[in-house]
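**Q** Submitted below is the structure of interest, expressed as structure tokens.
The values are calculated or read from the model by the stated rules, or taken from the named source; none is laboratory data. All figures in this text were calculated on a predicted structure; none of them were measured in a lab. FYI the Cβ positions are ideal-geometry reconstructions off the backbone, even for glycines, and counts take in every protein chain you see. With ligands, DNA and RNA removed, areas are computed over all heavy atoms of the protein, side chains included. Shrake-Rupley method; radii C 1.70, N 1.55, O 1.52, S 1.80 Å.
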There are 2 protein chains.
Amino acid sequence: MSNQPAQPRDAAAKPARERVVIIGSGFGGLFAARKLAHTGVDVTIIAKTSHHLFQPLLYQVATGVLSQGEIAPATREILRGQKNARVMLGDVTQIDVEAKTVTSQSPVGEAVTSYDTLVVAAGAGQSYFGNDHFSEFAPGMKSIDDALELRGRIFGAFEMAEVLQDPEEIQQWLTFVVVGAGPTGVEMAGQIAELAHSTLKRDFRRIDPTKARVLLLDAAPAVLPPFGEKLGKKAQAQLERMGVEVQLDVKVVNVDEEAVDVIDPDGSPRRIQTRTKVWAAGVQASPLGQQLAEQTGAETDRAGRVMVEEDCTLPGHPEIFVIGDMMSLKRYPGVAQVAMQQGKYAAKTITHRIKHPGGEKLPAFEYFDKGSMATVSRFHAVAKINDRIQLSGFFAWLAWLGVHIVYLIGFKNRVTTLLHWTVTFIGRGRSERAVTDQQVVARMALHREKLATEAEQAQTAENGAA
Amino acid sequence: MSNQPAQPRDAAAKPARERVVIIGSGFGGLFAARKLAHTGVDVTIIAKTSHHLFQPLLYQVATGVLSQGEIAPATREILRGQKNARVMLGDVTQIDVEAKTVTSQSPVGEAVTSYDTLVVAAGAGQSYFGNDHFSEFAPGMKSIDDALELRGRIFGAFEMAEVLQDPEEIQQWLTFVVVGAGPTGVEMAGQIAELAHSTLKRDFRRIDPTKARVLLLDAAPAVLPPFGEKLGKKAQAQLERMGVEVQLDVKVVNVDEEAVDVIDPDGSPRRIQTRTKVWAAGVQASPLGQQLAEQTGAETDRAGRVMVEEDCTLPGHPEIFVIGDMMSLKRYPGVAQVAMQQGKYAAKTITHRIKHPGGEKLPAFEYFDKGSMATVSRFHAVAKINDRIQLSGFFAWLAWLGVHIVYLIGFKNRVTTLLHWTVTFIGRGRSERAVTDQQVVARMALHREKLATEAEQAQTAENGAA
């Protein structure tokens, strides 16, 4: 099936509307699309999920505070009123920079979409630094599915501990390891500690959830390195007050179903018995970056990010913008703010070119850093506005709350989000604990299969002996 | 692993606390457990999900109105304050009425739990009347997983239609068939029609969602038979006003990926091209019913329900109660009210026997029918209080709203539920449209596999030809 086949454009005809194709519905893609409203261009967003994901709050879905709907509104609902924007579900597998086409796959087949200008904002996935087999045991935190999977594993671990009798096995299920002490890792470790030591405290009869161990590991010597030493130490101290064991300079060398193997700072190996692992350690840009690099000779960095020009375009291809987590420019961090600002910048550049064909270029993209923040626990956050203004504790948490409420505005669910936050922050409860059967049933099936195989083997052995 | 091994009880010792084991955390199991609070018995609920499911609102999760957390609070959270109740995750595979033990499976292995009194409230699953292969193409509506799967399929169908070019294929994706015109089927058909004709109206650019066809099929000659002819006709008329095609006396003979095959009232076969099917046609009692019957000689009906005595116990086994959707008694319907009342009755009987050992029995269980209701659309429901009091339209809908708010009270999420209802009923929006990758990714993977196989076959054919 061919979608919008690339037809020769008749130069003599009335100039067709500029076709802008945007790959990805994250912060970069969405902000580019919105900025292109009322501009006379045709916008097509191709994305592999039908929702926009407010990724900074994903950890709250994983830990039962929010529902997936609250942080993942349908992209086409957000863009409902923007008549020049079309949303198409599809996983982009091929960009052809010569033919100017994008090929995407969906359950109903392949679609080929032609573009005049392309905005590539496909983001980044989790990186296991070459150890992709870790992913089975230590899910990342990149999608709604990841968050629901982790929700099932985290709440499920306490359920399993309650069923068991053997103290060692129980402790293994009550040990949670978060790998990576960046914002996501810090937030996850803090949330799991709150769950164990507060939310679930009175929910069990045999186990004592407050005996759960929560470990936060990082190969680097600091917590939240981009926040600087002062805030990093504050965050670490707060995590430790909550009972999180922060272990730095610790390198993870293996992950399996029952444990995490690490190398301690002194070089000695150690095995941490744990059933529940969260991977928040690294990112890898979308493979589309590598594909663009191969076709155009652009360079990529170790994380697969494409080195772009100062106007966020691909070298030699002013019609292709690469923005957000999949580009590399002036060491800008891989955060939502950069993606949003680049999305808007790309849109402005596109309309500027149409209005002033052959005119002067817009000034280079400059990231305006509004600061960054991470919550450590309820009522406690760290916020770095700039080198002089750094907050920690309750006021930083209030700032976090304010910023997130403002950014959620425009999403229909902000009222219920506030209510869920009230439940959690004031009542210490979790409204969204419901777990799907996905992994529980899958594991049960595996367990039964194992039993059947064992029974069969025993039978065979018996027959052999007889 | 043996859990609470059956030890000989020393008759001379201080009498041990009565051990009541409840299988299932639905309405029957939960209400039995709560009624046993402060009674001096030990209660163990064994259930295969960690949540209690408010099943009457499951269709709202499937159609994007509510989040799963709102209708599925954690069972152990509901029972947090009831110190004599313990909740254990496990799928009961074996009841041994002689040894008085229950064997359950969980991902960490097998547990054997001894009981003095057993309350079996394991409910019912979907029945495909011997055609279990339909389930792949037409999911039922029995669990959170079912609802999320259907949410993905329903919203996904519109996404697929928007990608496609071929009008016939598009219409196939825009045709929704609901099999079974009981309350769940009526509610699903009404919701899908509202989605198509109202919620999604302005969300697409190529397709017109209002062109979607929604069919409600039933082999019986009426909609909502238990509500009587008058209300059934009213519900049917309202569905038809909403654009639902109600087809009665139509027998479904096959379901595959692309269609539903039916036999029309005149005996002629017909094939309905449709990608999205919902099965709301029949129920089958938990297989534990059959197991009990085999061990005790009790009888079961065609749907696998156990015929119980008038005190809801198994014939010859006064220590085993079978309640709710898996029992058969005086043709009581398989509704939440019966299960709740039987749960409370079983609890009362248990405490009565302890207080009056050898005393007179309690009067037989009598179901007090408070009436039944089903919503057809926003602002429109049917409610049958008794043979004289029958409502339809807005007042019935208000009654539905009132009853569901009252029954949700006690669940933390009733405030957000009310908000989500406001969004839907007043704003016609859906706050919980977020779809997991589950089936989308699975289908994409299948599609790619198919492509790879085809490419390989082509290659082989080419090599063979050369």
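**Q** Does B:Met188 fit the bill of being assigned to a helix (DSSP H, G or I), crowded, with 24+ Cβ neighbours inside 10 Å, within 14 Å of chain A (Cβ to nearest Cβ) and in contact with a strand residue (DSSP E or B) (Cβ under 8 Å, 6 or more places away or on another chain)? Spell out the reasoning first.
**A** On the way: assigned to a helix (DSSP H, G or I): yes; crowded, with 24+ Cβ neighbours inside 10 Å: yes; within 14 Å of chain A (Cβ to nearest Cβ): no; in contact with a strand residue (DSSP E or B) (Cβ under 8 Å, 6 or more places away or on another chain): yes.
Spelling it out, it is not the case that B:Met188 is assigned to a helix (DSSP H, G or I), crowded, with 24+ Cβ neighbours inside 10 Å, within 14 Å of chain A (Cβ to nearest Cβ) and in contact with a strand residue (DSSP E or B) (Cβ under 8 Å, 6 or more places away or on another chain).
**Q** Related question: Would you please name the residue that is most open to solvent (accessible area, probe 1.4 Å), looking only at residues in the stretch B:124-148 that are of a type in the set (A, V, I, L, M, F, W, C) and farther than 16 Å from B:Asp301 by Cα?
**A** Out of the qualifying residues, it is B:Phe137.
Rundown of residues vs (1) among the basic types (Lys, Arg); (2) touching a residue at least 60 places away in the same chain (Cβ under 8 Å); (3) in a strand (DSSP E or B); (4) more than 8 Å from every other protein chain (Cβ to nearest Cβ), yes/no style:
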| position | (1), (2), (3), (4) |
| --- | --- |
| B:Thr93 | no, no, yes, yes |
| B:Thr103 | no, no, yes, yes |
| B:Ala122 | no, yes, no, yes |
| B:Gly125 | no, yes, yes, yes |
| B:Lys142 | yes, yes, no, yes |
| B:Gly152 | no, yes, no, yes |
| B:Phe155 | no, yes, no, no |
| B:Phe158 | no, no, no, yes |
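**Q** Tell me which residues, restricted to the stretch B:160-185, are of a type in the set (A, V, I, L, M, F, W, C), within 10 Å of chain A (Cβ to nearest Cβ) and touching a Lys or Arg at 6+ places or on another chain (Cβ under 6 Å).
**A** Result: B:Trp173, single match.
**Q** For the stretch B:191-206, check the following and say yes or no: at least one residue is away from chain A (no Cβ under 14 Å), open to solvent by 30 Å² or more (accessible area, probe 1.4 Å) and touching a helix residue (DSSP H, G or I) at 6+ places or on another chain (Cβ under 7 Å).
**A** Scanning the stretch B:191-206, I find at least one residue that is away from chain A (no Cβ under 14 Å), open to solvent by 30 Å² or more (accessible area, probe 1.4 Å) and touching a helix residue (DSSP H, G or I) at 6+ places or on another chain (Cβ under 7 Å), so the answer is yes.
**Q** Would you confirm whether or not the stretch B:223-244 contains a residue that is of a type outside the set (Gly, Ala, Ser), open to solvent by 10 Å² or more (accessible area, probe 1.4 Å), in contact (Cβ under 8 Å) with a residue 60 or more places away in the chain and not in a helix (DSSP H, G or I)?
**A** The answer is yes; a qualifying residue exists.
**Q** Under 21 Å from B:Pro226 (Cβ atoms), crowded, with 19+ Cβ neighbours inside 10 Å, acidic (Asp, Glu) and under 26 Å from the mean Cα position of the chain (by Cα): does that describe B:Asp325?
**A** Spelling it out, B:Asp325 is indeed under 21 Å from B:Pro226 (Cβ atoms), crowded, with 19+ Cβ neighbours inside 10 Å, acidic (Asp, Glu) and under 26 Å from the mean Cα position of the chain (by Cα).
Yes or no, residue by residue, for (1) part of a strand (DSSP E or B); (2) buried (at least 24 other Cβ atoms within 10 Å of the Cβ); (3) out of contact with any Cys (no Cβ under 8 Å at 6 or more places or on another chain):
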residue	(1), (2), (3)
B:Val21	yes, yes, yes
B:Arg34	no, no, yes
B:Glu70	no, yes, yes
B:Arg76	no, yes, yes
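**Q** Another question about this same structure. Checking the structure you have, find out if any residue of the stretch A:43-61 is at pLDDT 95 or above, more than 9 Å from every other protein chain (Cβ to nearest Cβ), in contact with a helix residue (DSSP H, G or I) (Cβ under 8 Å, 6 or more places away or on another chain) and surrounded by fewer than 20 Cβ atoms within 10 Å (Cβ to Cβ).
**A** Among the residues of the stretch A:43-61, not one is at pLDDT 95 or above, more than 9 Å from every other protein chain (Cβ to nearest Cβ), in contact with a helix residue (DSSP H, G or I) (Cβ under 8 Å, 6 or more places away or on another chain) and surrounded by fewer than 20 Cβ atoms within 10 Å (Cβ to Cβ), which makes the answer no.
**Q** For the stretch A:275-389, which fully contained strands (runs of 3 or more DSSP E) count at least 1 residues that are more than 30 Å from B:Val108 (Cα to Cα)?
**A** Correct list: A:283-285, A:317-322, A:372-377, A:380-384.
**Q** Can you name the condition, by its number, that A:Asp116 falls short on among (1) surrounded by 24 or more Cβ atoms within 10 Å (Cβ to Cβ); (2) modelled with pLDDT of 95 or more?
**A** Just one mismatch for A:Asp116, condition (1).
**Q** Return the total of residues in the stretch A:161-178 being open to solvent by 10 Å² or more (accessible area, probe 1.4 Å) and aliphatic (A, V, I, L, M). I'd like the intermediate steps shown before the answer.
**A** The initial filter retains those residues of the stretch A:161-178 that are open to solvent by 10 Å² or more (accessible area, probe 1.4 Å), namely A:165-173.
Checking which are aliphatic (A, V, I, L, M) leaves us with A:170.
Final tally of qualifying residues: 1.
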